[in-house]
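The values are calculated or read from the model by the stated rules, or taken from the named source; none is laboratory data. Owing to the predicted nature of the structure, the values given are computational and were not obtained by experimental measurement. Don't worry about glycine lacking a Cβ; one is built from the backbone with ideal geometry, like all the others, and counts go over all protein chains shown. The protein model used for the area step is the full one, side chains on, heavy atoms only, and it has no ligands, DNA or RNA in it. Shrake-Rupley method; radii C 1.70, N 1.55, O 1.52, S 1.80 Å.
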Amino acid sequence: MKLALVGISNSGRTTLFNSLTGRDAATAGYSASETKPNVAIIKVPDRRIDELVRIFKPKKHTHARIQYMDYLGLTRGDAAQNRKVIEFIKDSDALVYVLRGFDDDSVTHPLGGVDPIRDFETLEAELLIYDLDLAEKRLINMDESARKGHPPRKEERAAVLKCREALEREMPLRYLEFDATEERALRHLEFISRLPVMAVINVDESGLQSAKSSSWRDTIRDRIARFAENFLTPIVLSGKIEMEIAHLPAEEAADFLQDLGVDVSARERVIKESYALLGLISFLTVGEDEVRAWTVRKGIAAHAAAGKIHTDLERGFIRAEVISCDDFLEAGSLAAARAKGLLRLEGKTYVVQDGDIIDFRFSV
Ligand SMILES: Nc1nc2c(ncn2[C@@H]2O[C@H](COP(=O)(O)OP(=O)(O)OP(=O)(O)O)[C@@H](O)[C@H]2O)c(=O)[nH]1
Ligand SMILES: [Mg+2]
């Protein structure tokens with residue numbers, strides 16, 4: 001699963017990319033015209049895994065992974081560059097908007113002064129313009145086919161009209177609900193505003209706790225709330241500080257965070273929320289050989305989750321022995337958990353929860 005960092009030029013995307021991935025990609029200060037995409041796969045930080053490793057001392061352990069991508073900036077109205085950027089980010093499963101909230105006269109802002117709300121609206125508008133164009137072209141195309149005696153499927157026409165109507169109201173398609181028929185009809189169209197989005201406001205150290213930053217965050221939250229009930233609140237962070245932290249040894253990083261008065265780095269928050277944004281959860285398997293996080297879609301049934309590990313487990317599924325990681329850690333060992341009756345036996349249709357430790361029973 002991939003997330004693309006999207007923003008106006010000089011918003012700090014590459015700086016954030018470096019802090020998320022621990023990489024050292026050149027930022028604009030060093031190379032103004034970088035055109036090569038930055039791509040990296042990273043481990044999703046998970047304290048549960050760390051705890052389980054301490055208890056089981058397994059030969060190996062495996063974290064969930066996600067991928068981040070960073071490319072050129074979106075512009076206001078430069079259709080050619082935006083097309084290039086959108087073609088690139090289309091390949092991702094979700095977007096992280098990077099909004100510039102830091103002042104620095106030596107770093108030009110392509111839209112004038114610092115204004116993350118305007119930048120947020122600009123990014124949304126550019127996606128809407130792209131999608132509206134896609135919808136119009138598809139409708140024209142369908143009309144032409146109809147004239148030539150190949151009428152389009154009614155379902156697709158209706159679904160595209162529904163999209164156009166929303167786009168004309170400036171509503172990103174990610175906030176529109178589609179039924180299964182509409183989903184199927186739209187699948188081949190790749191509307192960019194359908195991708196889930198979370199926003200990050202990139203500020204200086206002085207902006208981390210400032211009233212101005214909070215007000216930016218609240219305004220953007222209100223703008224999104226016009227369309228949606230469930231969404232992630234924008235995160236205020238400093239990409240520059242996070243990048244420094246990412247390059248420190250773990251212990252020094254912890255001290256640094258403590259000095260800043262936070263217990264979880266913004267990096268960790270962004271990665272965790274990215275995972276949620278993608279609609280993903282982890283279930284865990286434990287043992288002396290391996291402690292491992294498995295990535296599955298939220299809402300998956302035990303039966304299908306078993307299939308993630310091996311098709312034999314899905315085919316020969318008998319039942320799942322399940323305990324939440326929190327309950328397990330409180331009990332301290334599987335034997336203690338069993339004695340307390342905390343291990344549950346669940347059937348095929350059990351809906352897997354984030355952090356479930358699962359032992360699948362199967363026969364082949
Ligand atoms: N003062 C300050 N400068 C920052 C901050 N974040 C990034 N910068 C600087 O802003 C410039 C642009 O940062 P990048 O991370 O390259 O921004 P970008 O969005 O990737 O830029 P392009 O890829 O050129 O569109 C660099 O010189 C960074 O060092 C910050 O929080 N404070
Ligand atoms: Mg960059």
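Taking the 1.4 Å solvent-accessible surface of segment 137-239 as the whole, the part contributed by carbon and sulfur is 45%. The antiparallel fraction among DSSP beta bridges confined to the chain stands at about 50%. Take every pair of alpha-carbon atoms less than 8 Å apart whose residues are at least six positions apart; their mean separation over the length of the chain yields a relative contact order of 20 percent. For residue 12, nonlocal amide neighbours, meaning residues 5 or more places apart or on other chains whose placed amide H falls under 5 Å from its own, do not occur.
Across the alpha-carbon set of segment 94-243, the Rg to Rh ratio works out to 1.10, Rh being the Kirkwood radius.
What separates the Cα centres of segment 258-327 and segment 94-139 is a distance of 33 Å.
Each principal axis of the Cα cloud of segment 1-150 was taken in turn, and the coordinate range along them, longest first, works out to 68, 50, 27 Å. Evaluated over the Cα positions of segment 299-362, the convex hull gives a direction-averaged projected area, one quarter of its surface, of 4.0 nm².
Computed about the Cα centre, the dipole magnitude for the chain is approximately 1420 debye when only Lys and Arg (+1) and Asp and Glu (-1) carry charge, each at its Cβ.
Taking a Cβ cut-off of under 14 Å around residue 218, the surrounding Lys, Arg, Asp and Glu residues balance to a net charge of +4, with basic ones at +1 and acidic ones at -1.
Partners of residue 148 within straight-line reach, counting lysines whose Cα lies under 29 Å from its Cα and excluding those fewer than 8 residues away in the same chain: 137, 162. Residues in the chain average 51 Å² of solvent-accessible surface per residue, probe 1.4 Å, ligands and nucleic acids excluded.
Evaluate the charge dipole of segment 212-305 about its Cα centre and quote only its size in Debye, nearest 20, assuming +1 on the Cβ of each Lys and Arg and -1 on the Cβ of each Asp and Glu.
Numbers: 12 positive and 15 negative charges, 167 e Å.
Charge dipole, segment 212-305, about its Cα centre: 800 debye, nearest 20.
When the chain is described by a simple charge dipole with +1 on each Lys and Arg Cβ and -1 on each Asp and Glu Cβ, the residue from 232, 270, 336 located farthest towards its positive end is 336.
Loop-located GluC sites (Glu not before Pro) across segment 182-251 with a Cβ neighbour count of 15 or fewer within 10 Å are 190, 229, with loop assigned by DSSP. Dipole of segment 1-73 (Lys/Arg Cβ +1, Asp/Glu Cβ -1, origin at the Cα centre): which of 68, 25, 37 lies farthest to the positive side? Most positive-ward Cα: 68.
Seen from residue 107, the other residues with C-beta closer than 12 Å to its C-beta sum to a net charge of -2, counting Lys and Arg as +1 and Asp and Glu as -1. Taking a ≥ b ≥ c as the square roots of the eigenvalues of the alpha carbon gyration tensor, the chain is oblate, as a/c is not under 1.5 and a/b does not beat b/c.
With 0.36 nm allotted per residue and the present C-alpha distance subtracted, the residue 253-residue 235 stretch has 4.5 nm of extension available. Backbone amide hydrogens, once placed in the peptide plane, bring residue 319 within less than 5 Å of 361, excluding anything fewer than 5 places away on its chain. For segment 341-356, putting each phi into the Karplus relation 6.51 cos²θ - 1.76 cosθ + 1.60 with θ = phi - 60° gives couplings of x, 8, 7, 9, 9, 10, x, 3, 8, 3, 8, 5, 9, 4, x, 5 Hz, in residue order, rounded to whole numbers and with x for Gly and Pro.
Identify the GluC sites (Glu not before Pro) of segment 256-301 meeting these criteria: DSSP loop state and at most 13 other C-beta atoms within 10 Å of the C-beta.
Details: sites: 268, 273, 288, 290; in loops: 288.
Passing sites in segment 256-301 are 288.
Partners of residue 59 within straight-line reach, counting lysines whose Cα lies under 22 Å from its Cα and excluding those fewer than 8 residues away in the same chain: 43, 308. For segment 146-195, the residue among 195, 166, 185 whose Cα projects farthest onto the positive side of the dipole built from Cβ charges is 185.
What percentage of the solvent-accessible surface of segment 299-362, computed with a 1.4 Å probe over protein heavy atoms, is contributed by carbon and sulfur atoms? Mind showing how you got there, number by number?
On the way: 1660 of 3350 Å².
Exposed carbon and sulfur together represent 50 percent of the surface.
Extension gain, residue 228 to residue 315, is 27.4 nm, computed as 0.36 nm per intervening residue step minus the present C-alpha separation.
Under a Cβ-only charge scheme (Lys and Arg +1, Asp and Glu -1), can you give me the dipole magnitude of segment 299-362 about the Cα centre, in debye to the nearest 20? Could you put the intermediate results ahead of the total?
On the way: 8 positive and 10 negative charges, 58 e Å.
Value, rounded to 20: 280 debye.
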